[in-house]
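Everything on this sheet refers to the single structure shown next.
The values are calculated or read from the model by the stated rules, or taken from the named source; none is laboratory data. Note that this is a predicted model, so its numbers are computed, not measured. Cβ: placed from backbone, ideal geometry, glycine included. Neighbour counts: every protein chain shown. The accessibility values were calculated without ligands, DNA or RNA, using every heavy atom of the protein model including side chains. Shrake-Rupley method; radii C 1.70, N 1.55, O 1.52, S 1.80 Å.
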Amino acid sequence: MARIIVVTSGKGGVGKTTTSASFATGLAMKGHRTVVIDFDVGLRNLDLIMGCERRVVYDLINVINGEAALHQALIKDKHTENLSVLPASQTRDKEALTREGIQAVFDELAKDYEYIICDSPAGIEHGALMALYFADEAIITTNPEVSSVRDSDRILGILQSKSRRAEQNLDPVKEHLLLTRYNPTRVEMGDMLNVEDVQEILAIPLLAVVPESKDVLKASNHGVPVIHQQATDAGQAYNDMVARFLGAELPHRFINAPKKGFFQKVFGSRA
């Protein structure tokens, strides 16, 4: 049976789409049949990060409205086997997303895929609520700053009260914390919350810490999920994330600032 996993946050700009792309890619690289869906109707970006924007002909709303079959809208990823992308519409209204339509799409996808990854818009607008409603698991994506963490706490409340699992009194949505754009040096300076601060506020298990990195932007601009860049810290962090999600026990990396050598301590940045 397919697992529906929503990548969500209360605040925009925290790296949800980057995470959705790399997480879905990582699952597919491990041999799992995976589809990733863009729920951000009107502002789609997932196809850009996946490098398939020129291949979009039909989208999620076309399928819901019966204007195209699901197989016509699905785009096979050009870099990874076992992975498909279902883009959002750039021209339709978010209200075109209906529970009945999404349920029908998920039911059909479940015949061929093990994991359905939902790239949710930020906050609690209609598209986000539609993505959250069907979730079996949720990856709460947040930056280590107070407003981002506070807004993510709001999302946890919605998952625990307004999801399908909550309505039907089923086992609760399984929650995971992903801390993005983490800079341990800035944490030591007091400019960011540390990992323990965020965990204390949200009280959900930590899946991974993704360090602040220019490589994420470079990969996105090239239309390649950063998990493919295994030589980079961000790529390794996302690879760790996927491995932990699938059950591996790995120590968390990229949490502590690198120790300064003798000359760095004496001469600072000039060393």
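The table below gives the values:
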{"quantity": "Among residues of region 173-200, those that are in contact with a Leu (Cβ under 8 Å, 6 or more places away or on another chain) and not charged (D, E, K, R), counted", "calculated": "9"}
{"quantity": "Among the residues listed as A138, A122, A128, the single one being small (G, A, S), touching a residue at least 40 places away in the same chain (Cβ under 8 Å), touching a helix residue (DSSP H, G or I) at 6+ places or on another chain (Cβ under 6 Å) and under 21 Å from S22 (Cβ atoms)", "calculated": "A138"}
{"quantity": "In region 81-105, residue nearest to V63 (Cα to Cα) [restricted to those that are of a type in the set (V, I, T) and part of a helix (DSSP H, G or I)]", "calculated": "V105"}
{"quantity": "Cross-chain or 6+ apart pairs with Cβ under 6 Å, region 89-111 first and farther than 13 Å from L70 by Cβ, then not in a helix (DSSP H, G or I)", "calculated": "S89/V41; S89/D59; Q90/R44; R92/V41; K94/V41"}
{"quantity": "Subset tally (residues that are under 23 Å from the mean Cα position of the chain (by Cα) and touching a residue at least 12 places away in the same chain (Cβ under 8 Å)) for region 65-83", "calculated": "11"}
{"quantity": "Residue count for region 106-130, restricted to those that are open to solvent by 30 Å² or more (accessible area, probe 1.4 Å) and assigned to a strand (DSSP E or B)", "calculated": "1"}
{"quantity": "Count of region 1-36 residues which are more than 19 Å from G235 (Cα to Cα) and within 11 Å of the chain's Cα centre (by Cα)", "calculated": "4"}
{"quantity": "Restricting region 36-55 to residues that are buried (at least 19 other Cβ atoms within 10 Å of the Cβ) and assigned to a loop (DSSP other than H, G, I, E, B), the residue that is modelled with the lowest pLDDT", "calculated": "R44"}
{"quantity": "Test: D215 is in contact with a His (Cβ under 9 Å, 6 or more places away or on another chain), open to solvent by less than 70 Å² (accessible area, probe 1.4 Å) and either modelled with pLDDT of 90 or more or of a type in the set (A, V, I, L, M, F, W, C) (or both)", "calculated": "no"}
{"quantity": "Residue list for region 3-35, filter: in a loop (DSSP other than H, G, I, E, B) and open to solvent by 10 Å² or more (accessible area, probe 1.4 Å)", "calculated": "G10, K11, G12, G13, G15, K30, G31, H32, R33"}
